[in-house]
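Q: First the structure, then my questions, so here it is.
The values are calculated or read from the model by the stated rules, or taken from the named source; none is laboratory data. Note that the structure is a prediction, hence the values are computed from the model and not measured. Here the Cβ is made from the backbone with ideal geometry for all residues, glycine too, and neighbour counts use every protein chain on show. Each accessible area value is taken on the protein alone, full model and side chains, heavy atoms only, with ligands, DNA and RNA left out. Shrake-Rupley method; radii C 1.70, N 1.55, O 1.52, S 1.80 Å.
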Amino acid sequence: QVQLVESGGGLVQPGGSLRLSCVASGGIFSINVMGWYRQAPGKQRDLVAHITSGGSTNYADSVKGRFTISRDNAKNTVYLQMNSLKPEDTAVYLCNAVITNYRGVNPYTTNYWGQGTQVTVSS
């Protein structure tokens, strides 16, 4: 059973930094895209950043220049380095992975989510 486990959230002052990590484990043939989403209370879940297996990245406009996504394919791990944090970055951050497995000779793709980690930016 595939699991995504996030770590690294917490409370930080405005202007500070945090680094989130997400490890995927279980029966995994390949991970296509890994990414981070965030959801603040009463708001929809929004994409923060994602990265393909080849290293191509995409960022939300609100985090460009402040956040950096990276991944270690050998460790099935994705990271999110968050710098110059602002109060509006406060949210639950959720890891996402699009994973390919096989049933016999037939590939199938599943979208997995972690349980989320809280990031609070406040003085």
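Q: Determine the gain in length on full extension of the stretch TRP113-SER30; use 0.36 nm per residue of separation and subtract their C-alpha separation, reporting nm with one decimal.
A: Result for the pair: 28.3 nm of gain on full extension.
Q: While we're here: Keeping the other protein chains in place, figure out the carbon and sulfur percent of the accessible area of segment 9-63, with a 1.4 Å probe.
A: C and S fraction of accessible area: 48 percent.
Q: Any idea how far the Cα center of segment 1-35 sits from the one of segment 89-123, in Å?
A: Going from one Cα centre to the other spans 8 Å.
Q: Mind putting a number on the dipole of the chain about its Cα centre? Charges go on the C-beta only, +1 for Lys and Arg and -1 for Asp and Glu, and I need it in Debye to the nearest 20.
A: The calculation lands at about 60 debye.
Q: So if each residue of separation counts as 0.36 nm, and I subtract the Cα-Cα distance between ASN83 and THR57, what length gain in nm does that give?
A: 7.6 nm
Q: At 1.4 Å probe size, with every protein chain present, just tell me what the per residue accessible area of the chain comes to in Å².
A: 53 Å²
Q: If you keep only loop residues by DSSP, which trypsin sites (Lys or Arg not before Pro) in segment 23-78 have at most 11 other Cβ atoms within 10 Å of their Cβ?
A: Counting only loop positions with at most 11 other Cβ atoms within 10 Å, the trypsin sites (Lys or Arg not before Pro) in segment 23-78 are LYS43, LYS64.
Q: Expressed as a rounded percentage, what relative contact order does the chain have, with Cα pairs under 8 Å and six or more residues apart?
A: For the chain, the relative contact order is 35 percent.
Q: Give the lysines whose C-alpha is closer than 26 Å to that of LYS86, dropping any in the same chain fewer than 8 places away, or say none.
A: Those lysines meeting the cut-off are LYS43, LYS64.
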